[in-house]
Amino acid sequence: MANAIYNKAKYKWMAPGTLGTSQGDSIDLLDDTIKVALIDTGTYTFSQSDEYWSSASSAAVGTPVTLASKTVTNNVFDAADPTFTAVTGTTAEAFIIYKDTGSAATSPLIYFCDTAATGLPVTPNGGDIVINFNASGIFAL
């Protein structure tokens, strides 16, 4: 699988509310709570038809982390490298970025990555895991 922005996230940027029932379906990378989760690809297979975190949440390894120091510069989204603390569980081969609304059923998926970060795959051993995002940014819009 290659890294990809979920198609339905693109729609939410271009035409908020058209896929869902309200403007609440829009995604603001800077103002919304944006989280990153380590993903076991043996449990979750990327699909462009997936829309919400509930489609992938069962594959999360450890606890998702809220992204800090988010920026969008020249249409490139970036954030500070996240640290997942005291991680246990299965091997994580990818990560997913999503908007956290407080409910997995309404939290839009944004980005799937299995190749553009240093530190993956990783096998948890109870210690901290740091994902190093690409120096050029996480993804371009």
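What follows draws every value from the coordinates through simple rules; no lab data is involved. None of these values were measured; they are calculated from a predicted model. Cβ sites come from the backbone with ideal geometry, for glycine too, and all protein chains shown count toward neighbours.
Structure above, values below:
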quantity	calculated
For the chain, size of Cβ-based charge dipole, Lys and Arg +1, Asp and Glu -1, in debye	180 debye
Relative contact order of the chain, defined on C-alpha pairs under 8 angstrom at six or more residues apart (%)	28 percent
Reference-scaled alpha-carbon Rg (2.2 N^0.38 Å with N residues) for the range 65-141	1.13
Most mobile of Ser47, Ser57, Ser69 in a GNM of the chain (Cα contacts under 10 Å)	Ser69
The chain - mean residue ellipticity at 222 nm from DSSP helices (-39,500 (n - 2.57) per run, n ≥ 4, rounded to 500)	-1500 deg cm²/dmol
